[in-house]
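Asks: Mind looking over this structure? Questions follow.
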Amino acid sequence: MEQKQVPGLSRGALQASGVSVELGEFPERVLQIGEGNFMRGFIDWMLYRMNRRGCFHGRSVAIQPTPRGKVVPKLNHQDGLFTLVQRGLEKGEAVERVERIDVISRGINPYENWEEVLQVAESRDIRFVFSNTTEAGLQWSEEAYDPMTAPLSYPGKLVALLYHRFLHFYGAADAGWIVLPCELVEKNGEVLQELCERAAKHWGLPAAFFTWMKEACVFCNTLVDRIVTGYPHGEENVWEDRLGYRDELLTVSEPYHLFVIEGPEGLAQELPFQQADLRVYFDRIDAYRERKVKLLNAPHTLLASVAYLAGADTVREAVDDPKLRAYLLRAMQEEIKESLAPEVQAVADAYIKDVLQRFSNPYLQHRLLDISLNGLSKLVTRVLPSMHAYQKAKGALPQALVFGLVASFFFYRVARMEGESLYGVREDGTEYEIRDQAEHVHAIGELWKQVRENSTAASLALAVESYLGMEGIWGEDLNEVADLTEQATRYAEEIAQHGIRQALRNLG
């Protein structure tokens with residue numbers, strides 16, 4: 001039987017089928033750095049909901065954050081449109097909501113069209129900057145300033161755009177931007193502001209610009225919470241039949257969402273999320289952040305190495321596996337929980353229960369390889385703080401967290417290179433791409449090369465010690481943590497000799 005052909009999603013395809021499309025009515029008010037699954041399934045969805053309620057009236061311009069991005073061409077081919085499917089449980093009942101999101105006006109590759117991005121910075125209507133470049137995006141990167149070329153780093157791009165805007169509007173006090181980074185970095189707004197000031201100083205920009213950036217612009221600390229799994233691979237035909245079009249950016253998320261923003265008085269009026277019945281709070285984020293980052297994001301990061309190497313492909317597969325679930329519960333209930341502040345510990349059990357239910361969502365396929373993106377910086381911000389806090393409180397190391405750290409070393413074992421791409425192979429023979437900062441992956445690959453050349457326990461022990469000593473990754477020499485080198489080496493030897501699943505069984 002000949003397969004039914006459906007048109008690709010676009011304004012023209014919708015209009016041809018009699019669907020009204022009103023994208024041209026709203027001005028571009030938002031600049032978003034990042035066009036991936038999370039930004040589309042969280043920020044863009046929220047902007048869409050506010051537009052639907054008639055309380056925002058704005059669209060977003062999506063900027064590709066890295067040279068290797070692949071989303072912008074698809075966005076532009078689809079006229080900025082994509083479909084969001086929310087699937088999961090609410091109050092024990094299965095829900096599914098399908099919405100066609102129409103807030104992205106266009107996508108721009110800044111490495112090919114930097115002048116077009118600069119023109120966006122000249123628009124009076126642009127007021128807000130949202131971003132999600134992962135934890136790796138909020139790090140210092142020394143680079144030269146060329147007004148006609150896009151900087152590689154996110155802070156570099158932001159400073160270049162702010163400086164262009166400063167010059168274009170002659171330093172007008174009302175031309176500043178409100179910047180809301182969504183990266184899961186503690187005090188992300190403050191960190192981004194410091195990086196921007198450092199870049200401006202490095203580039204020798206004038207003092208008047210520093211003053212304008214401090215006084216006219218606002219950098220907000222934020223916390224985001226929603227599981228967005230992205231494209232539902234394997235369900236293409238089902239969704240084409242249901243929707244009547246092919247959507248290459250079809251995005252799946254859970255229904256749950258939370259957005260906490262620390263900002264100036266009046267921000268809730270400028271960004272009226274609450275008028276659209278969205279779960280957004282303008283509040284201090286400390287307690288929200290510690291609970292979410294340590295009890296949801298840290299387990300995700302641990303599973304990305306441990307569970308994937310053990311044969312699981314998704315979060316749900318991991319929590320359905322008795323051995324992996326036992327590892328996860330030990331990490332969450334016995335170790336991470338014990339490292340929390342007392343006021344967070346008091347609500348930890350209920351939160352852990354909710355997280356496990358979200359991880360077990362039968363309607364989501366949250367791929368562990370997606371979570372593994374830039375996993376090294378995620379270990380630094382999500383896992384290491386709990387390891388240090390647990391040791392300080394208990395006088396011993398948290399074994400499940402140490403095991404996860406060692407598993408990451410095995411995850412980054414490079415088996416082959418193809419162009420700029422690096423690949424590992426797990427125990428069942430499945431090959432996977434290692435997506436992290438190339439300099440770090442190459443450095444870890446060199447350690448594994450030495451292990452393969454020597455094939456001795458001593459060479460593995462030396463490689464583990466060298467891995468723990470990579471201050472460029474960890475921001476510290478982890479060998480200085482009492483007993484960590486010895487315990488990490490023991491776990492590495494067990495994984496190397498017996499495989500990761502047997503090593504999990506032997507976890508003390």
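Yes or no, residue by residue, for (1) touching a Leu at 6+ places or on another chain (Cβ under 8 Å); (2) in the same structural domain as VAL129 (by TED's automatic domain parsing); (3) farther than 24 Å from ASP313 by Cβ; (4) surrounded by 21 or more Cβ atoms within 10 Å (Cβ to Cβ):
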{"site": "ILE227", "(1), (2), (3), (4)": "yes, yes, no, yes"}
{"site": "PRO232", "(1), (2), (3), (4)": "yes, yes, no, no"}
{"site": "GLU236", "(1), (2), (3), (4)": "no, yes, no, no"}
{"site": "TYR245", "(1), (2), (3), (4)": "yes, yes, yes, yes"}
{"site": "LEU267", "(1), (2), (3), (4)": "no, yes, yes, no"}
{"site": "GLN274", "(1), (2), (3), (4)": "no, yes, yes, no"}
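Asks: Still on this structure, please answer the following. Report those helices (runs of 4 or more DSSP H) wholly inside the range 358-454 carrying at least 2 residues which are under 17 Å from the mean Cα position of the chain (by Cα) and touching a residue at least 60 places away in the same chain (Cβ under 8 Å).
Replies: Working: elements: 368-371, 375-378, 384-394, 399-411, 438-454.
Ranges flagged: 368-371, 375-378.
Asks: Ok, one more. What do you reckon, is VAL179 part of a helix (DSSP H, G or I) and touching a helix residue (DSSP H, G or I) at 6+ places or on another chain (Cβ under 8 Å)?
Replies: No; evaluated as a whole, the condition is false for this residue.
Asks: For the range 92-150, give me every one of the strands (runs of 3 or more DSSP E) that falls completely inside it and has 2 or more residues that are modelled with pLDDT under 95 and outside the structural domain of THR301 (by TED's automatic domain parsing).
Replies: Working: elements: 93-101, 104-108, 128-131.
So the answer is 93-101.
Asks: Please work out if TRP177 is in contact with a strand residue (DSSP E or B) (Cβ under 7 Å, 6 or more places away or on another chain) and modelled with pLDDT of 95 or more. Working first, answer last.
Replies: Numbers: in contact with a strand residue (DSSP E or B) (Cβ under 7 Å, 6 or more places away or on another chain): yes; modelled with pLDDT of 95 or more: yes.
It is true that TRP177 is in contact with a strand residue (DSSP E or B) (Cβ under 7 Å, 6 or more places away or on another chain) and modelled with pLDDT of 95 or more.
Asks: Residues in the range 351-369: is at least one within 29 Å of TYR467 (Cα to Cα), of a type outside the set (S, T, N, Q), crowded, with 20+ Cβ neighbours inside 10 Å and in contact with a helix residue (DSSP H, G or I) (Cβ under 7 Å, 6 or more places away or on another chain)?
Replies: Pass one, the range 351-369, residues within 29 Å of TYR467 (Cα to Cα): 366-369.
The next check asks that each one be of a type outside the set (S, T, N, Q); those that pass are 366-369.
Then keep just the ones that are crowded, with 20+ Cβ neighbours inside 10 Å; that gives 366, 368.
Among the residues that remain, those that are also in contact with a helix residue (DSSP H, G or I) (Cβ under 7 Å, 6 or more places away or on another chain) are: 366, 368.
Yes, that holds for at least one residue.
Asks: If you don't mind, there's one more thing I want to ask. Taking the options GLU493, GLU465, name whichever one is free of Cβ contacts under 8 Å to residues at least 60 places away in the same chain, part of a helix (DSSP H, G or I), over 29 Å from the mean Cα position of the chain (by Cα) and surrounded by 13 or more Cβ atoms within 10 Å (Cβ to Cβ). Working first, answer last.
Replies: Working: GLU465 fails: over 29 Å from the mean Cα position of the chain (by Cα).
Matching residue, one of GLU493, GLU465: GLU493.
Rundown of residues vs (1) in contact (Cβ under 8 Å) with a residue 60 or more places away in the chain; (2) more than 16 Å from GLY34 (Cα to Cα); (3) surrounded by 18 or more Cβ atoms within 10 Å (Cβ to Cβ), yes/no style:
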residue: ARG124; (1), (2), (3): no, yes, no
residue: ASP146; (1), (2), (3): no, yes, no
residue: LEU152; (1), (2), (3): yes, no, no
residue: PRO155; (1), (2), (3): no, no, yes
residue: ARG165; (1), (2), (3): no, yes, yes
residue: PHE169; (1), (2), (3): no, yes, no
residue: VAL179; (1), (2), (3): no, no, yes
residue: CYS182; (1), (2), (3): yes, no, yes
residue: ASN188; (1), (2), (3): no, no, yes
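Asks: Could you tell me which of the residues GLY92, GLY88, GLY107 is touching a strand residue (DSSP E or B) at 6+ places or on another chain (Cβ under 9 Å) and closer than 30 Å to GLN357 by Cα?
Replies: On the way: GLY92 fails: touching a strand residue (DSSP E or B) at 6+ places or on another chain (Cβ under 9 Å); GLY107 fails: closer than 30 Å to GLN357 by Cα.
Just a single option satisfies the conditions, and that option is GLY88.
Asks: Shifting gears a bit: Name, by its number, the condition in (1) in contact with a helix residue (DSSP H, G or I) (Cβ under 9 Å, 6 or more places away or on another chain); (2) more than 20 Å from ASP125 (Cα to Cα); (3) hydrophobic (A, V, I, L, M, F, W, C) that does not hold for ALA94.
Replies: That leaves (1) as the condition not met.
Asks: Evaluate the following for GLU142: is it surrounded by fewer than 17 Cβ atoms within 10 Å (Cβ to Cβ) and either touching a residue at least 60 places away in the same chain (Cβ under 8 Å) or touching a His at 6+ places or on another chain (Cβ under 6 Å) (or both)? Before you say what the answer is, go through the steps one by one.
Replies: On the way: surrounded by fewer than 17 Cβ atoms within 10 Å (Cβ to Cβ): yes; either touching a residue at least 60 places away in the same chain (Cβ under 8 Å) or touching a His at 6+ places or on another chain (Cβ under 6 Å) (or both): yes.
Judged against the criteria, GLU142 is a match.
So that you can scan it fast, the table gives a plain yes or no per residue for (1) in a helix (DSSP H, G or I); (2) surrounded by 18 or more Cβ atoms within 10 Å (Cβ to Cβ):
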position: ARG29; (1), (2): no, yes
position: PHE38; (1), (2): yes, yes
position: LEU47; (1), (2): yes, yes
position: SER60; (1), (2): no, yes
position: ASP79; (1), (2): no, yes
position: VAL85; (1), (2): no, yes
position: LEU89; (1), (2): no, no
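Asks: Follow-up question, since we're still on this one. Determine if the range 12-23 includes at least one residue that is within 25 Å of TRP114 (Cβ to Cβ), modelled with pLDDT of 95 or more and in contact with an Asp or Glu (Cβ under 9 Å, 6 or more places away or on another chain).
Replies: Within the range 12-23, the first condition is being within 25 Å of TRP114 (Cβ to Cβ), and the residues that meet it are 23.
Narrowing further to those that are modelled with pLDDT of 95 or more: none.
Checked against the condition, which is being within 25 Å of TRP114 (Cβ to Cβ), modelled with pLDDT of 95 or more and in contact with an Asp or Glu (Cβ under 9 Å, 6 or more places away or on another chain), the range 12-23 yields no hits at all.
Asks: Another one. Hey, ARG284 hits all of (1) of a type outside the set (Asp, Glu); (2) over 30 Å from PHE82 (Cβ atoms); (3) surrounded by 22 or more Cβ atoms within 10 Å (Cβ to Cβ) but one; which does it fall short on?
Replies: If we test ARG284 against (1) of a type outside the set (Asp, Glu); (2) over 30 Å from PHE82 (Cβ atoms); (3) surrounded by 22 or more Cβ atoms within 10 Å (Cβ to Cβ), just (3) comes out false.
The values are calculated or read from the model by the stated rules, or taken from the named source; none is laboratory data. Because the structure is a prediction, the values reported are computed rather than measured. Note that each Cβ is placed from the backbone with ideal geometry, even for glycine, and that neighbours are counted across all protein chains shown.
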